[in-house]
Amino acid sequence: MSTTKCEPFSMDELVMFGDSITQFAWQAGGTGAELANYYQRRLDVVNRGFSGYNTAWALHVAKKIFPAQSAGSNSFPRKRIVTIWFGANDAVIPPKPQTVTPEQFVENMVKLIEMIQARASPTGSHQDGSQLLVVLITPPPISVALRAANLASRFPDWRPENMDRDPARTRLFAELVCQVAQQKGLPVIDTWTAITKAADESQGGLSTFLVDGLHLTPAGYEIVTQGPSLPFKLLYPIHDPLDGVKFG
């Protein structure tokens, strides 16, 4: 009696790693939901968003999210695309617990990139020759008015002097993400610049793209999904196995 060996089946992955802006990206109209729909049958789109996290805390969980693979390993699931989307919490006004200095932020981002590249694809490419693609995403702009209204509604004792976000500081951290991307030769989606520009052209301003002054509306996520300077879905084209197949 012959037996047939059943090989385990697992889809390769697109992993979105970040803070609450990544975590909420699986809501209707969110970037995670849109990409999961786009990559059906080709990639599993995995949510690794951790609300409140900064890059320092991300370094502690990255090893569990990206287990080390030995060189030459063709184990599944393979990480095909990884997005790194931090900075919104790192940019919190000091001395809040989430605060990270600009210098430490750059160092942490470089460590995250190198750790993910080394652990997910130790030889620089998968056994089938494909490359791991790491994409950086900048934090979006901050609306002080929307953020203040949100905090005041949640915390009765809140006062304006307790504001935890500053647009200029967030812009700095967005610029640092772009600098790290250039340094490491990685694509970057500059959400800060794209949403700021779109808000200037929108009658609703930032309220069109930010639900509470910090997190994104579906319209805000759409800007990320499309990619301000490089359409996201074209960064890593994957051909469907049935593309071009005719059924008679």
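Kindly list, by first and then second residue, each pair from a residue in region 142-160 that is closer than 18 Å to Ala199 by Cα to a residue that is at pLDDT 90 or above and of a type in the set (S, T, N, Q), limited to pairs with Cβ atoms under 8 Å and residues at least 6 apart or on different chains. Taking only residues 6 or more apart or on different chains, the pairs are Ile142/Thr170; Ser143/Ser207; Leu146/Ser207. Can we say Gly52 is buried (at least 20 other Cβ atoms within 10 Å of the Cβ), part of a loop (DSSP other than H, G, I, E, B), modelled with pLDDT of 95 or more and at positive phi? Answer is no for this residue. The residues in region 161-181 that are farther than 15 Å from Leu210 by Cβ and within 17 Å of the chain's Cα centre (by Cα) can be counted, and the count is 8.
Whether any residue in region 194-207 is among the charged types (D, E, K, R), crowded, with 16+ Cβ neighbours inside 10 Å and closer than 30 Å to Leu112 by Cα is what I want to check. For region 194-207, residues among the charged types (D, E, K, R), crowded, with 16+ Cβ neighbours inside 10 Å and closer than 30 Å to Leu112 by Cα: absent. Of everything listed in (1) surrounded by fewer than 16 Cβ atoms within 10 Å (Cβ to Cβ); (2) modelled with pLDDT under 95; (3) of a type in the set (Gly, Ala, Ser); (4) assigned to a helix (DSSP H, G or I), the single unmet condition for Ser229 is (4).
Residues checked against (1) part of a loop (DSSP other than H, G, I, E, B); (2) modelled with pLDDT under 90; (3) out of contact with any Ser or Thr (no Cβ under 6 Å at 6 or more places or on another chain):
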{"position": "Met115", "(1), (2), (3)": "no, no, yes"}
{"position": "Gln127", "(1), (2), (3)": "yes, yes, yes"}
{"position": "Val134", "(1), (2), (3)": "no, no, yes"}
{"position": "Ile142", "(1), (2), (3)": "yes, no, no"}
{"position": "Asn150", "(1), (2), (3)": "no, yes, yes"}
{"position": "Trp158", "(1), (2), (3)": "yes, yes, yes"}
{"position": "Phe173", "(1), (2), (3)": "no, no, yes"}
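When we screen Leu206, Leu214 for residues that are at pLDDT 95 or above, in a loop (DSSP other than H, G, I, E, B) and not aromatic (Phe, Trp, Tyr), the only hit is Leu214. Screening Phe17, Phe24 for residues that are crowded, with 17+ Cβ neighbours inside 10 Å, within 12 Å of the chain's Cα centre (by Cα), part of a helix (DSSP H, G or I) and at pLDDT 90 or above leaves exactly one candidate, Phe24. Taking region 160-171 as the range and being surrounded by 18 or more Cβ atoms within 10 Å (Cβ to Cβ) and either among the hydroxyl-bearing types (Ser, Thr, Tyr) or at pLDDT 95 or above (or both) as the test, the residues that pass are Thr170, Arg171. Among the conditions (1) at pLDDT 95 or above; (2) surrounded by fewer than 16 Cβ atoms within 10 Å (Cβ to Cβ), Phe76 misses just one, which is (1).
The values are calculated or read from the model by the stated rules, or taken from the named source; none is laboratory data. Predicted model only: the values in this text are computed from it and were never measured. Every residue, glycine as well, gets a Cβ built from its backbone with ideal geometry; the counts of neighbours run over all protein chains shown.
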